[in-house]
Structures are given as C-alpha cells and as structure tokens.
Amino acid sequence: MEPILEMKHIRKTFSSTVALGDVSLEVWPGEVRGLIGENGSGKSTISSIAAGMQKADSGEMVFQGKPWNPKSMIDALQHGVGMIVQESGTISGVTVAENIFLAELGQFKKLGIIDRRAMNKKADEALRAIGVNDVHGSTPLAALDFQTRKLVEIAKVVMKQPRILVVDETTTALSQNGRDILYDIIKRFRKEGKAVLFISHDLEEIMEVCDTLTVLRDGARIRDFRKEEFDPDAIRTSMIGRELQGDYYRGDFTPSRLDEVALRAEHLRSGDALKDVSIDFHRGEIVGIGGLSHCGMHTLGKILFGAEHPEAGSVTTADGTKITNETAAMKHGIGYVAKDRDVESLALNTSIRDNIAIAGMERYAIGNFLVTGLKERPYVDAQIKSLSVKCSDRDQLVSQLSGGNKQRVVFGKWIGRGSEILILDCPTRGVDIGVKKAMYELMDQLKREGKAIIMISEELPELMGMADRLIIMKDGVIMKEFARSRELSDAEIIKYMI
Amino acid sequence: MAQTKLTKKNRLRELLVTLLPIAALLILFGVLCMVVSSRGYRLDMYLRIIFNEGVVLAVVATGAIFIYSLGSFDISLGASTLFSATIGVLVYNSTQSLPLMILTIFGVAVGCSLLSSVLASVFHIPVFVTTVAMMSVLSAVAAQIITTKGGALGGIGIPAAVVEPLDNLPFKLAVLAVFAVLCVFVFNFTKIGRRLKFLGSNPVCAKLSGIKVNVYAIIAFVMAGLGVGLGAFLTLVYTPSVTPTTAGSIGMNILVAIVFGGMPISGGSRSRIYAAIVGGFSYILLNNILKIVIDSGAGYGISQIVSAVFFLAVVYVTSMNYRTKLLPR
Ligand SMILES: Nc1ncnc2c1ncn2[C@@H]1O[C@H](COP(=O)(O)OP(=O)(O)OP(=O)(O)O)[C@@H](O)[C@H]1O
Ligand SMILES: [Mg+2]
C-alpha cells in the first residue's frame with residue numbers, strides 16, 4: 001500500500017523562529033492520524049503546508065503518487081486536500097451560501113447574474129449532507145454563532161469530497177452535537193479509505209478518534225503511537241519532554257466561598273437565550289456554567305460583562321452599581337475572556353504589547369492620562385513572563401502567535417489589570433495541557449485571593465474538576481445546580497443538559 | 001540568542017518602513033530641483049509655493065490622522081477649511097479683531113467636525129454619506145457667501161497688512177512643529193491616542209476592552225477640527241483672501257498624502273503622525289513636478305491621472321505587505 005500523502009523533510013522558518021525543523025509525515029488510506037504537541041510545536045504549520053495555505057522553505061510532498069505543490073487552499077481543496085482551520089475560516093460580511101461557494105460563484109451564473117436560489121439550495125444540500133438541519137444558505141453569516149460558523153466551514157470542505165481532511169483544533173469550538181457531526185464525518189472518511197489529519201489538545205478525544213498519533217515538539221517529530229500503544233502518561237511525557245503526572249485539576253473536593261456576593265444577576269431575559277436567569281456569584285468562588293452550545297450560557301457571559309443588553313433583569317455589583325456597558329464593568333474590576341478569540345479578544349495585526357496594555361492602562365498611567373513606555377513595558381513584560389507566552393518579543397504581532405499563545409496573551413490582558421471578577425468563556429480552548437495546568441492553578445490561586453471566577457465551558461471534565469458550584473443550563477433556563485463533590489458523575493450531569 | 005536576532009531584524013524592517021517615505025520625499029525634492037532648473041524657472045519661487053501649500057496640507061492631514069487611524073476617513077476637511085476661513089474673514093471685516101477671527105476659525109472648524117462625527121457615530125449614518133454631504137453643503141454655503149460679499153472680485157479677504165508679520169517661514173514652521181508635537185504626544189503618550197489606534201485595529205475587541213467607541217470617534221474628529229482650523233488660518237496668512245476654490249482639493253489630497261507617508265488607510269496600530277507631514281510635502285512636490293512636466297506641455301488633467309496611478313501603486317504595495325501576515329491559526 002502507498003501512503004495517500006507523503007511529506008518529506010519539511011522545513012519552515014519565520015525569520016529566526018524555526019516552526020518546523022525537518023519533519024516527515026505520511027498519511028495512509030483509511031487512517032485517522034492525530035497530531036499532538038504543545039502550543040507552538042508546529043501542528044498548524046505542517047498541516048497548513050499540506051493544505052496549501054503556506055509554502056515550506058524546503059522539502060517535498062507527494063500526494064496520490066504525484067508531486068504535490070498546491071498554490072492555495074482553494075487549489076488544494078479542488079485537488080483533494082481540505083482543511084478546517086483553527087480560527088474562523090469564514091467571512092462574516094456575506095451569506096452562508098456565499099461562504100460555501102466563495103471560490104466558485106461562477107457555476108451559478110446565468111447570463112452573468114448569479115442564480116441565488118440555486119446557490120442557496122445547493123448550500124442547504126451541503127449542510128444537510130453533514131447533518132446540519134437548522135441553517136440555511138440564505139442566512140447572513142454574521143447572524144450565526146461561532147459553533148455554527150464552524151459547521152458551515154465543515155460543510156464547505158466536506159462537500160468537495162477531499163481525499164484528506166485536515167481538522168485543526170476544531171472540536172473545542174463545538175459542543176457535543178457539533179462534535180458528533182464531525183466524528184461521523186471522520187468515521188465515514190475512514191470507511192471510504194480516505195484519510196484524516198486530526199489536531200487536538202484533548203488527549204482523551206484524540207485517543208478515541210485517531211488510529212495513530214504523531215507527537216511534535218519544537219518543530220520536530222518526536223515519535224508515533226499506534227492505537228494499541230496509546231497511554232496518556234506516555235503521550236504527555238513525549239509531548240512535553242518531561243514527566244507530567246495524572247491530574248491537573250483542583251486537589252480538594254469541598255466547595256468553598258466567601259460570604260460576600262461580588263456580582264448578582266437577577267431575572268435576566270434575552271430572547272430565546274435567557275429566560276429568567278438569576279445567579280449570585282460570590283467572592284472566592286469558581287462558578288462553572290455548562291450546557292450545550294445554544295443553552296444561553298455564552299449570552300449570559302456577555303450580559304454579565306455589559307456587552308449585551310438583556311430585555312429584562314439586571315446585573316449588579318457588590319456596591320449596588322448596575323452593569324450596563326463594558327466600561328462600567330471594567331471600572332468595577334470585571335474582566336471577560338471571550339470565546340471568539342481572534343475577533344473579540346485580540347486585535348490580530350497589533351503587537352502583543354498593545355493587546356495586553358490596552359486593558360491595563362489604569363495600572364500604569366501617570367495621572368490618569370499620560371502613558372509612557374517606561375512603566376508600560378515592565379507591565380507588559382510581567383504578563384508575558386508570568387503566562388510564559390512563547391514569542392520573539394513584546395512587539396511581535398499577535399497574528400504570528402500559535403493559537404494557544406494567543407490565549408495566553410488574552411489571559412495576560414485581563415489578569416494583569418487585577419480583575420476582581422473574571423468571566424471566562426471557554427478559557428482553555430486550544431491550550432495545551434501544560435498551559436491548561438498552569439491556568440487551572442492560576443484560577444485556583446485567584447479563587448484563594450478572593451476573586452470571583454465565572455467559568456463558562458463546553459468541557460464537562462474541567463467544569464467538574466474546577467468549579468465550587470456547577471450550574472447546568474438548557475434552553476435559557478437553569479436546570480440544576482451541583483455543589484462540588486467527589487461523587488459528581490458526568491452521566492448524572494449530562495442528563496440535565498440534553 | 002535567536003530571539004535577539006529576530007528582534008533586530010524586526011527593528012530593521014520597522015526602520016526601513018519609517019525611512020522609505022522620507023527617502024521618497026528627498027528624491028521628489030531632488031527631482032523638483034532638477035526639473036525647475038532644467039526649464040530655467042526660478043527655484044526660490046517654486047520652493048515658496050511648495051512650502052506654503054505643503055504646510056497647509058501637512059497641518060490638516062496631521063489632525064486628520066486621528067480620523068484615519070480609526071480606519072475611517074473624511075473628505076470634507078477641505079470644504080470645512082474653506083468654510084472656516086470664509087467665516088473668519090467675515091468676522092475680521094466686521095470686528096477688525098485678529099484674535100476674534102482666529103477664535104472663530106477654530107470654533108467653526110471644530111464645530112463642523114463635531115457635526116460630522118455626531119451624524120456618523122450617534123445617528124449611525126454611514127461615513128461616506130455624511131462626509132460627501134458635509135463637503136457639498138459647506139462648499140456651497142462658502143461659495144454663496146463669497147460670491148455675495150465679494151461680487152465682481154470673485155473673492156473676499158482681509159487687509160494684507162494684518163497678517164503680513166506672520167507670513168514668514170519661521171512662524172509657519174513653528175505652528176506646524178507645535179501642532180505636530182502636540183499630536184504626537186496625544187497619539188502616543190496618552191490613553192486617548194492609544195485607545196484610538198486600538199479601536200482602528202479591531203473595533204469589536206476595542207468595545208470589549210471598555211473603549212467607548214462613540215466617544216473616541218468624536219475625540220478623533222475634534223482633533224481633526226483643530227488641524228482644519230490651523231490650516232484655514234495659515235491659508236489666510238499666505239493669501240489673505242478666499243475664493244470658492246481655496247483649499248478645494250485638500251479633502252482628497254489628505255488621503256493620498258497619508259498613504260504616501262507610509263500609513264495604511266485601514267488605520268490601526270501602524271498609524272503615524274509623521275506620515276501626514278512627510279506625505280503632505282511629498283504629495284505637493286509630486287503635484288508640482290507633474291504640473292511643470294506635463295501640464296505645461298500637453299493636456300490638462302494628465303497629472304491627476306499620473307498621481308492617481310502612483311497612489312494605487314503605493315496602496316497595493318502597502319496592503320500586500322499587510323496581507324501576507326494574515327493567516328488564520
Ligand atoms: N506567520 C508567522 N510569523 C511568525 N511566526 C510564526 C508564524 N506562524 C507560525 N509562527 C510560529 O511558528 C511556531 C509554530 O506555530 P504553529 O501555529 O504551527 O503551532 P501549533 O502547534 O499549531 O500551536 P497551537 O497548539 O498553539 O495552535 C510558533 O512558534 C509560532 O509562533
Ligand atoms: Mg495551531
């Protein structure tokens with residue numbers, strides 16, 4: 001048997017950063033190969049080279065027995081390699097159908113005019129084919145949430161029936177039903193003798209989904225694991241290059257909090273997303289909020305930060321101030337890590353320095369007005385250091401960082417300013433286990449310092465592992481509250497989610 | 001070790017981006033000297049014209065940087081320069097007071113800017129609508145005033161003697177320098193400037209970082225208004241009269257000048273004040289060179305086309321550099 005794709009001695013550098021040293025990789029028919037490694041280890045780089053998004057400095061590729069040099073992602077997709085990228089791969093100014101057929105609007109042209117009806121119909125078909133039933137081709141993409149946009153992107157790529165599907169860190173953007181859709185596609189690819197290159201930081205998931213695993217570290221291929229060799233500790237060790245044992249969540253199982261209420265949500269209503277939701281958030285408490293993607297928890301996060309206005313109800317701080325906009329929220333020490341990182345949390349074409357500094361100017365401004373590098377630089381450097389952001393220097397553009405390192409910058413932005421109340425929407429999305437561990441430790445430490453932490457997440461294990469109190473939402477309503485305990489079982493919790 | 005190398009390389013590139021527009025300015029200056037002397041024209045006369053036109057454009061463009069850094073634009077700034085100068089003349093002629101005239105000019109200029117920004121940011125009228133509307137209304141009203149008051153002269157003015165003492169190089173340079181320093185200070189060393197640039201980079205994220213979008217849009221327009229006021233005043237100092245075509249093309253020229261100065265029109269963190277000054281003078285130089293070389297020989301308007309092509313080329317090159325850095329990861 002011949003591999004479908006062979007990548008030989010691929011090297012890729014950015015200035016003096018060596019993203020890939022000399023990496024060879026082959027993908028076989030019927031294989032689902034996982035790529036795993038720490039943030040910045042080169043996973044996105046190697047897979048995007050295969051998918052035509054960028055070019056290697058040297059090395060060669062062979063695809064189905066022929067030399068493979070795709071000119072662009074579109075070119076690669078036409079010829080059989082499709083990729084779902086780590087961040088948004090869709091354009092928000094146009095409709096779902098236009099996103100799906102962006103590169104080939106021509107086929108719907110009749111006498112020079114695009115036949116929208118036919119295009120929308122085709123788009124609907126593509127979406128239905130992967131099992132997405134509630135999205136239509138004519139919908140403007142901007143109206144959709146992050147998860148649904150990802151599904152549109154998946155439909156677009158799968159529709160072209162590529163021989164190889166590259167899935168870069170996509171599942172963390174999806175809730176369970178979205179994941180199931182993707183898993184079904186992956187199974188189908190395996191059965192049809194095609195192949196999948198699957199990138200994830202979720203060890204359990206990757207061991208479940210993949211047949212083989214390739215570990216990357218610092219731009220080098222460290223070793224492969226076959227299914228029967230899968231062992232979490234061994235994989236982690238080879239990822240990090242040293243041992244990292246077992247658990248990384250909180251060690252204790254007793255819920256605790258201070259008496260003082262830091263933030264109070266009362267009778268919040270907002271369309272279908274929230275139907276009369278009231279929660280008190282205490283100081284020194286980690287409140288986990290879980291549910292399916294559309295249960296309303298993401299809207300809740302935005303409203304708590306004043307970024308969206310509820311139709312009824314209010315958000316109040318300890319001193320009785322009503323939070324109605326972001327500026328007021330920040331004045332009262334509220335910080336918000338958004339789910340859609342590249343759009344909502346970071347200005348991509350701006351330096352790490354500006355991104356961290358922008359939220360913390362009160363901390364180092366002279367007389368509430370003047371800002372100088374003298375005080376700003378140490379402030380920024382302290383955040384880069386304490387979150388160990390892997391970067392060349394503070395003036396590097398955020399767009400050049402790997403996914404997980406971007407998230408660290410976001411954390412630095414909010415923690416640096418000394419937020420007393422932290423709203424974290426999917427905080428560990430795309431973050432490797434080493435950083436996850438560090439972030440959980442940080443959350444634990446912040447809790448002990450008396451800060452209020454609101455953790456909205458689609459990952460049940462981290463909610464169970466970290467929260468003092470776990471609130472499960474469904475269709476805009478709080479279904480159930482669980483107190484932290486060793487006895488919590490996911491089966492029991494999931495019952496309230498679906 | 002590897003890191004310091006990268007840093008150095010970045011610095012080098014940064015420096016190059018900074019120096020390129022300055023090199024272009026110097027080259028244009030050299031070309032002008034050559035062209036003027038090869039035709040046997042008087043160089044000092046040309047330099048005088050270029051300096052005076054350049055100062056006005058640079059001042060107005062410097063203020064406009066605040067708007068452009070938001071990724072927004074305003075082509076009505078030329079019309080409001082004309083309008084505020086016109087009102088200034090009226091006020092001087094009825095009060096004989098220079099301070100009052102200056103105050104009026106600034107008041108009117110900032111007022112126009114405020115109106116534009118309120119229309120755009122509070123009432124959510126698209127910028128290209130407000131800016132074109134403002135441009136037409138302001139220049140029409142100014143033209144009306146000028147033709148009514150000026151009659152057969154085709155213009156109105158203040159006595160030359162009033163501003164005579166100010167019509168010299170040191171004064172104008174000082175005005176430009178003071179204003180530029182003020183703007184650089186606000187732009188780079190205050191919360192206001194830093195937030196404006198961030199807003200230009202990503203408005204969604206800026207809002208979620210507690211930046212009040214409307215407030216900062218208004219601040220940006222007020223800063224631009226100050227530049228317009230200064231520009232109007234300097235125009236009066238140079239030619240103590242206004243005609244309906246005074247400052248007419250400044251609105252569009254600013255856009256070109258800023259791009260010539262090496263700033264992306266999308267605004268954001270790569271916005272620079274010096275782009276306005278360097279670009280402003282470059283543009284005026286290029287314009288005069290083209291006028292001498294082309295218009296004196298062949299058909300009128302070709303210089304416009306040539307400078308437009310030049311403009312597109314610069315935009316293409318700068319945006320190309322920009323795009324390659326955008327990879328979704
Ligand atoms: N355009 C770029 N400019 C400069 N450096 C880059 C660029 N793209 C990637 N890099 C660097 O290359 C290295 C590998 O990045 P890559 O995105 O492949 O990591 P990754 O394994 O996908 O990480 P993550 O899990 O965080 O997504 C990182 O150090 C990153 O900073
Ligand atoms: Mg990646």
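Couple of notes before you dig in:
- Annotation: A:K12 fulfils all but one of (1) within 14 Å of ligand 2 (Cβ to nearest atom); (2) of a type in the set (D, E, K, R); (3) within 20 Å of A:F189 (Cα to Cα); the unmet one is (3).
- Residues of segment A:19-54 that turn out to be farther than 24 Å from A:G193 by Cβ, touching a residue at least 60 places away in the same chain (Cβ under 8 Å) and either away from ligand 2 (no atom under 16 Å from the Cβ) or in a loop (DSSP other than H, G, I, E, B) (or both), as a count: 8
- Test: residue in segment B:41-57 that is in contact with a Ser or Thr (Cβ under 9 Å, 6 or more places away or on another chain), hydrophobic (A, V, I, L, M, F, W, C), more than 26 Å from B:F187 (Cβ to Cβ) and at pLDDT below 95: yes
- Restricting the search to helices (runs of 4 or more DSSP H) fully inside segment B:157-210 and requiring at least 1 residues that are open to solvent by 50 Å² or more (accessible area, probe 1.4 Å) and either free of Cβ contacts under 8 Å to residues at least 12 places away in the same chain or not β-branched (V, I, T) (or both) gives B:160-163, B:169-189, B:203-207.
- Of the residues screened, A:K339 is not one that is more than 16 Å from ligand 2 (Cβ to nearest atom) and part of a helix (DSSP H, G or I).
- Residue within segment A:182-197 that is modelled with pLDDT of 90 or more, under 25 Å from the mean Cα position of the chain (by Cα) and within 16 Å of ligand 2 (Cβ to nearest atom) present: yes
- Conditions (1) within 14 Å of chain B (Cβ to nearest Cβ); (2) within 27 Å of the chain's Cα centre (by Cα); (3) within 13 Å of ligand 1 (Cβ to nearest atom); number of the one not met by A:R11: (1)
- Screening the candidates A:N355, A:N349 for the property of being under 26 Å from B:R194 (Cβ atoms), open to solvent by less than 20 Å² (accessible area, probe 1.4 Å), within 9 Å of chain B (Cβ to nearest Cβ) and touching a residue at least 24 places away in the same chain (Cβ under 8 Å) yields one hit, A:N355.
- Selection status of A:D224, away from chain B (no Cβ under 14 Å), away from ligand 2 (no atom under 16 Å from the Cβ) and in a helix (DSSP H, G or I): no
- Sole exception among (1) facing another protein chain (nearest Cβ under 9 Å); (2) open to solvent by less than 20 Å² (accessible area, probe 1.4 Å) for A:F369, by number: (2)
- Conditions (1) more than 30 Å from A:L397 (Cα to Cα); (2) in contact with a helix residue (DSSP H, G or I) (Cβ under 9 Å, 6 or more places away or on another chain): number failed by A:E311: (2)
- Search result, residues across segment A:130-149 that are in contact with a strand residue (DSSP E or B) (Cβ under 7 Å, 6 or more places away or on another chain) and either of a type in the set (S, T, N, Q) or closer than 20 Å to A:I74 by Cβ (or both): A:G137, A:S138, A:T139, A:L141
- Single residue of segment B:211-221 satisfying the filter (in contact (Cβ under 8 Å) with a residue 60 or more places away in the chain and crowded, with 17+ Cβ neighbours inside 10 Å) that is farthest from the other protein chains (Cβ to nearest Cβ): B:F221
- Residue count for segment A:159-178, restricted to those that are within 16 Å of ligand 1 (Cβ to nearest atom) and either outside the structural domain of A:Q86 (by TED's automatic domain parsing) or charged (D, E, K, R) (or both): 2.
- Every residue from segment B:233-290 that is on the phi > 0 side of the Ramachandran plot and either within 14 Å of chain A (Cβ to nearest Cβ) or in contact with a Phe, Trp or Tyr (Cβ under 8 Å, 6 or more places away or on another chain) (or both): B:G267, B:G268
- Pick from segment A:318-346, criterion among the charged types (D, E, K, R) and free of Cβ contacts under 8 Å to residues at least 24 places away in the same chain, ranking: farthest from the other protein chains (Cβ to nearest Cβ): A:D319
- Single residue of segment A:410-434 satisfying the filter (of a type in the set (A, V, I, L, M) and under 16 Å from A:L446 (Cβ atoms)) that is farthest from ligand 1 (Cβ to nearest atom): A:I421
- Odd one out for A:I91 among (1) more than 15 Å from ligand 1 (Cβ to nearest atom); (2) farther than 25 Å from A:E104 by Cα: (2)
- Residue count, segment A:230-266 (criterion: farther than 19 Å from A:L446 by Cα, at pLDDT below 90, open to solvent by less than 70 Å² (accessible area, probe 1.4 Å) and of a type outside the set (V, I, T)): 11
- Those residues of segment A:185-207 which are among the hydrophobic types (A, V, I, L, M, F, W, C) and either more than 16 Å from ligand 1 (Cβ to nearest atom) or without any contact (Cβ under 8 Å) to a residue 24 or more places away in the chain (or both), in sequence order: A:I185, A:I186, A:F189, A:A195, A:V196, A:M207
- Qualifying positions in segment B:263-281 - open to solvent by 20 Å² or more (accessible area, probe 1.4 Å) and more than 14 Å from the chain's Cα centre (by Cα): B:S266, B:S269, B:R270
- Candidates A:G418, A:G412 - the one that is at positive phi and touching a helix residue (DSSP H, G or I) at 6+ places or on another chain (Cβ under 8 Å): A:G418
- Hey, A:I415 outside the structural domain of A:E204 (by TED's automatic domain parsing), outside any helix (DSSP H, G or I) and not acidic (D, E) or not: no
- Selected residue (criterion: farthest from ligand 2 (Cβ to nearest atom)) from residues of segment A:382-394 that are within 13 Å of chain B (Cβ to nearest Cβ) and modelled with pLDDT of 90 or more: A:R394
- Flag if B:A120 is part of a helix (DSSP H, G or I), open to solvent by less than 60 Å² (accessible area, probe 1.4 Å), at pLDDT 95 or above and of a type in the set (G, A, S): no
The values are calculated or read from the model by the stated rules, or taken from the named source; none is laboratory data. Because the structure is predicted, anything quoted here is derived from the model rather than measured. Ideal geometry is used to build each Cβ from the backbone, glycine not excepted, and the neighbour counts take in all protein chains shown. Note: accessible area is taken over every heavy atom of the protein model, side chains too, but ligands, DNA and RNA are not part of it. Shrake-Rupley method; radii C 1.70, N 1.55, O 1.52, S 1.80 Å.
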